[in-house]
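See structure below.
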Protein chains: 2
Amino acid sequence: MERIRTVEMAAYVGRRVRLQGWLHAVRRLGGVSFVVLRDGWGTAQAVTETDADLAPLAGLALETVLQLEGEVVAAPAVAGGVELHRPRFTVLTPVNELLPVTLHKRQMKAALPTLLDHAVVANRHPARRAVFELGAAAMAGFRAALLARHFTEIQTPKIVASATESGANVFQLDYLGRPAYLAQSPQFYKQIMVGVFERVFEVGPVFRAEPHDTSRHVNEYVSLDVEFGFISDHFTVMGMAREVLHGIFDHLAATAAEALALLAVTLPQVPAGIPHIHFAEAQALIWQRHGVDVRSEPDLSPQDERWLGAWAQQEFGSDFLFVTGYPMVKRPFYTHPDPSRPGYSNSFDLLFRGTELITGGQRLHRYADYLAALDTAGLPAAPFASYLEAFRYGMPPHGGFAIGLERLLMQLLELPNLRLATLFPRDQSRLTP
Amino acid sequence: MERIRTVEMAAYVGRRVRLQGWLHAVRRLGGVSFVVLRDGWGTAQAVTETDADLAPLAGLALETVLQLEGEVVAAPAVAGGVELHRPRFTVLTPVNELLPVTLHKRQMKAALPTLLDHAVVANRHPARRAVFELGAAAMAGFRAALLARHFTEIQTPKIVASATESGANVFQLDYLGRPAYLAQSPQFYKQIMVGVFERVFEVGPVFRAEPHDTSRHVNEYVSLDVEFGFISDHFTVMGMAREVLHGIFDHLAATAAEALALLAVTLPQVPAGIPHIHFAEAQALIWQRHGVDVRSEPDLSPQDERWLGAWAQQEFGSDFLFVTGYPMVKRPFYTHPDPSRPGYSNSFDLLFRGTELITGGQRLHRYADYLAALDTAGLPAAPFASYLEAFRYGMPPHGGFAIGLERLLMQLLELPNLRLATLFPRDQSRLTP
């Protein structure tokens with residue numbers, strides 16, 4: 001008999017099937033025993049009134065690996081609409097120890113440190129697993145949206161000779177006897193590759209040696225990066241970011257409906273035109289609406305972002321708001337200035353429910369502009385020689401953006417901590433699991 | 001007028017179109033000028049007998065970024081079947097310097113060091129670009145094959161607390177004041193995730209601090225990793241590896257025909273049943289056929305692999321050959337032994353045209369077996385505590401494999417050096433570009 005997956009059972013009503021998976025739960029009600037088996041995709045319930053059927057499980061703990069054969073019977077009251085009768089259990093890998101976290105309750109109740117310490121098994125909980133299933137679907141949706149728009153996928157080096165944007169917050173390593181660094185982003189390489197493929201994207205790890213310990217930061221995360229050429233300005237980039245985000249949510253709806261339902265997530269509507277506000281107007285609005293004068297600040301605080309998010313919701317019914325034109329002083333040296341508004345840049349952030357989700361903008365594209373920008377930033381040109389070569393030999397107006405995968409999941413699922421959206425988080429205190 | 005891509009021109013015969021891209025080549029033949037523009041997908045040729053048309057290009061070098069408008073005319077003798085007449089050039093980004101490598105000849109003639117030093121521009125050459133286009137298509141084909149088989153994509157940490165398999169060949173870094181390492185492979189995490197999703201894959205960077213400088217090794221590469229549960233033994237894994245490889249080549253044929261044609265690549269046939277030979281029989285065969293006695297060696301040499309590849313070609317007409325049962329002594333501690341043949345393992349390599357392309361096998365899955373294996377290997381259990389937690393709480397028989405993306409490209413394209421299949425290689429002497 002071929003093994004089938006639990007999620008395929010409904011097609012086998014009236015037939016005997018073979019399942020394989022983990023012993024997820026055992027309940028007894030009167031003289032009836034219910035045994036729940038979990039495989040990589042879902043769960044199945046076996047029912048028996050015969051104690052002898054359960055003999056193979058005697059003395060074994062939950063998470064024992066099993067084979068289960070039984071007859072598929074329609075059971076409208078059960079999730080999935082079917083259950084197994086006349087079960088026959090065969091133990092594949094016995095487990096004898098009690099679990100460090102409870103996996104068979106609907107909610108994962110463990111405290112955050114316990115959950116993270118035991119992520120190796122805690123991630124087996126259906127509600128934890130659903131988070132990462134959505135992460136996989138988000139990556140797939142991201143790629144599908146870009147492939148449909150003639151982008152090419154790249155994989156760029158993570159070990160680099162110099163810090164990407166500044167010497168701070170970068171991990172240093174011993175590279176065969178000389179110092180090297182871990183890439184803080186694929187920024188330089190994705191720009192260089194605009195000269196090759198014109199439209200590129202990358203899904204990969206980025207590394208930030210930030211010493212602060214907040215609920216919104218970890219030291220290694222997955223960045224969904226996009227860069228493309230022949231744009232007019234940052235509004236072209238914002239249009240693409242909107243399309244990609246729309247593509248991701250569409251893909252989640254189409255391929256991950258069960259995980260969304262399990263986590264009780266309602267996908268946001270991405271408006272055809274996401275509202276936008278200039279940084280200076282955003283500060284004026286905050287002064288006007290909230291009486292707090294942030295107009296001399298070079299950046300938005302988390303509180304500012306929440307206020308702006310609430311305003312977008314109230315004014316436009318939108319979960320999303322672009323803030324454009326961030327001051328040059330807070331943006332990296334390769335940022336393109338706003339030609340019509342000195343001091344401000346052709347950059348943007350996309351706020352999702354009042355928190356930054358995407359950062360992007362137009363980049364400089366002329367060689368002479370790079371030399372001037374490095375000079376202004378007080379950075380020497382020599383460590384950037386390879387990067388600058390792209391601009392010496394012709395680059396079009398271009399720009400791009402990056403989405404933090406875990407940040408997207410955290411905000412979509414309204415998780416209280418970014419670590420809950422990270423398979424095995426890396427932070428100040430955590431290098432394992 | 002909307003800009004179109006060069007590869008879309010054939011649909012616009014008789015109409016005036018706008019292209020954007022790089023000045024790829026200029027030729028004059030008698031009184032006729034040919035200007036080739038390259039965009040992110042292909043090239044287009046503009047033809048004119050009017051010198052005034054070329055005035056905007058006066059004094060500019062190749063790779064100048066241009067807009068080109070013209071009338072699409074059928075031209076059966078030209079690649080692509082169309083060319084542009086009555087061209088109008090507009091310079092977007094002027095270039096004034098001569099290129100460090102020649103981009104407009106059919107072959108990339110630069111010596112390897114020059115090509116690698118100037119990869120930032122050398123990768124713009126159509127023949128170089130085609131290599132990485134095939135790389136992107138291979139990644140897409142890999143993912144498509146696995147998603148169709150109910151696998152889930154994961155992204156696991158690259159900064160780890162201890163070396164994966166051995167302390168040698170691992171990059172050490174300063175992690176916020178304490179030592180950490182770069183992952184040599186996602187091996188432990190992909191196994192752990194079998195406990196969550198049962199079937200997982202990952203596409204990501206791996207890091208090897210190998211000090212040797214060969215044409216087949218670099219220090220950072222892209223690994224296509226697969227792991228799945230509920231297998232019988234390594235033959236189940238080999239069957240999956242065969243299907244995935246078949247899926248990759250199918251995807252290349254379906255989506256990258258032009259790159260394949262440009263590089264004059266013929267895709268190999270993946271036999272429905274790839275021939276296989278046990279390690280011990282392979283050594284006996286070499287002794288028999290070549291008179292070289294390697295029967296006491298614990299591994300195959302590159303020469304052995306070439307001999308076996310030639311044998312598979314001659315005997316079965318196959319570019320592929322599985323070698324199974326490598327000695328336990330040369331395989332990592334988590335390798336499952338062959339229950340019927342002590343000293344040999346349930347592992348395999350897949351040779352492609354006489355060179356190792358895929359390594360895989362069945363892993364241990366019982367907690368007690370891991371404790372014994374670590375003890376045998378002389379490794380302490382403590383650094384592996386998180387990894388071992390997966391096995392304490394129930395793991396099914398499982399296995400997997402890994403394909404080096406650059407290795408696949410090198411062998412498929414018959415490149416003389418792995419660096420030519422790597423976007424920006426990292427080796428003993430090279431940390432830039």
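Only helical DSSP H runs with n ≥ 4 go in: add -39500 (n - 2.57) per run for chain B, normalise by residue count and round the 222 nm mean residue ellipticity to 500 deg cm²/dmol. Don't jump to the answer; show the numbers that get you there.
Values: 11 runs with 125 residues, N = 433.
That comes out to -9000 deg cm²/dmol.
Here each label is just a point 7 Å from Cα along the line to Cβ, and for A:W287 and A:T114 those points are 5.1 nm apart. Rounded to the nearest 20 debye, the dipole size of chain B about its Cα centre is 720 debye, using +1 on the Cβ of Lys and Arg and -1 on the Cβ of Asp and Glu. Distance between Cα centroids, the stretch A:263-318 to the stretch B:217-246: provide it in whole Å. Comparing the Cα centres of the stretch A:263-318 and the stretch B:217-246, I get a distance of 47 Å. Pairs from the table (A:K109/A:K158; A:K190/B:K158; B:K109/B:K158; A:K109/A:K190; B:K158/B:K330; A:K158/A:K330) lying more than 31 angstrom apart at Cα are A:K109/A:K158; B:K109/B:K158; A:K109/A:K190.
Relative contact order, whole percent, for the stretch B:325-433 stands at 20, derived from Cα pairs under 8 Å and 6 or more residues apart. B:A144 sits among other residues whose Cβ lies under 11 Å from its own Cβ, and their net charge, with Lys and Arg +1 and Asp and Glu -1, is +2.
First measure r as the distance between the Cβ atoms of B:A368 and A:A61, then evaluate 1/(1 + (r/R0)^6) with R0 = 22 Å and state the FRET efficiency to the nearest 0.05. Rounded to the nearest 0.05, the efficiency is 0.90.
Can you give the % of DSSP beta bridges in chain B that are antiparallel, to the nearest 5? Of the beta bridges lying entirely in chain B, close to 90 percent run antiparallel. Taking the DSSP bridge list for the stretch A:105-261 and keeping only pairs wholly inside it, about 90 percent are antiparallel. Panel order for B:F89, B:F352, by other beta carbons found within 10 Å of each beta carbon, from fewest to most: B:F89, B:F352. For the protein assembly as shown, taking the reciprocal of the average inverse distance between every pair of different Cα atoms yields a Kirkwood hydrodynamic radius of 29.3 Å. About its Cα centre, the protein assembly as shown has a charge dipole of approximately 360 debye under the convention of +1 per Lys or Arg Cβ and -1 per Asp or Glu Cβ, with nothing else charged. For B:T355, the distances from its label point to the matching points in the remaining copies are 4.7 nm, ordered from shortest, with each point set 7 Å beyond Cα toward Cβ. The alpha-carbon positions of the stretch A:33-173 define a convex hull whose volume is 213 Å³ per residue.
With R₀ set to 22 Å, the beta-carbon distance separating A:V7 from B:L147 gives a calculated FRET efficiency near 0.90.
From Cα pairs below 8 angstrom and at least 6 apart in sequence, can you work out the relative contact order of the stretch B:6-93, rounded to a whole percent?
For the stretch B:6-93, the relative contact order is 34 percent.
Remark: chain A projects, on average over all directions, an area of 25.8 nm² (convex hull of Cα atoms).
Spread over its residues, the convex hull of the C-alpha atoms of the stretch B:6-93 is 83 Å³ per residue. Shown for A:P302: label points 7 Å from Cα along the beta-carbon vector, and their distances to the equivalent points in the other copies, 5.4 nm in ascending order. With both labels modelled 7 Å from their Cα along Cα-to-Cβ, the A:L29 to A:L379 distance reads 6.3 nm.
Loop-located GluC sites (Glu not before Pro) in the stretch A:352-433 (DSSP state other than H, G, I, E, B) with a sparse environment of at most 10 neighbouring Cβ atoms within 10 Å: A:E414.
The same position A:E414 in the other copies lies at 6.1 nm from this copy, comparing label points 7 Å beyond Cα toward the beta-carbon, shortest first.
Here the stretch A:104-212 was treated as a single set of alpha-carbon atoms; its pair distances binned every 5 Å from 0 give 2, 10, 14, 13, 13, 14, 15, 11, 5, 2, 0 percent.
May I ask for the longest run of chain B untouched by trypsin sites (Lys or Arg not before Pro) that are loop-located per DSSP and have at most 12 neighbouring C-beta atoms (other than their own) within 10 Å? Could the numbers behind the result be given before it?
Working: sites that count: B:R15, B:K105, B:R106, B:K109, B:R295.
Here the longest run is B:110-294.
The value obtained for the stretch A:271-316, namely the Cα convex hull volume divided by the number of residues, is 73 Å³ per residue.
Amide H contacts of A:G204: A:S223, A:D225, each under 5 Å away and 5 or more positions distant or on a separate chain (H built 1.01 Å from N in the peptide plane; Pro and chain starts excluded). Looking at A:H217, A:P157, A:H290, which one has the Cα that reaches farthest to the positive end of the dipole of the stretch A:126-421 (charges on Cβ: Lys, Arg +1; Asp, Glu -1)? Checked the options; the winner is A:P157.
What relative contact order, as a whole-number percentage, does chain B give when Cα pairs under 8 Å and 6 or more residues apart are counted?
Working: 831 pairs, mean separation 57.4, N = 433.
It comes to 13 percent, rounded to a whole number.
With both residues required to sit in the protein assembly as shown, DSSP beta bridges show an antiparallel share near 90%.
When Rg and Dmax are taken over the Cα atoms of the stretch B:116-157, they come to 14.8, 42 Å. Shape analysis of the stretch A:165-308 yields a ratio of the Cα radius of gyration to the Kirkwood radius, Rg/Rh, of 1.01.
Using the Cβ-Cβ distance between B:S215 and B:S301 with R0 set to 22 Å, the FRET efficiency works out to roughly 0.90.
Every number here is computed from the coordinates shown, using simple stated rules; none is lab data. All of these numbers come straight from a predicted model, not from anything done at the bench. Here the Cβ is made from the backbone with ideal geometry for all residues, glycine too, and neighbour counts use every protein chain on show.
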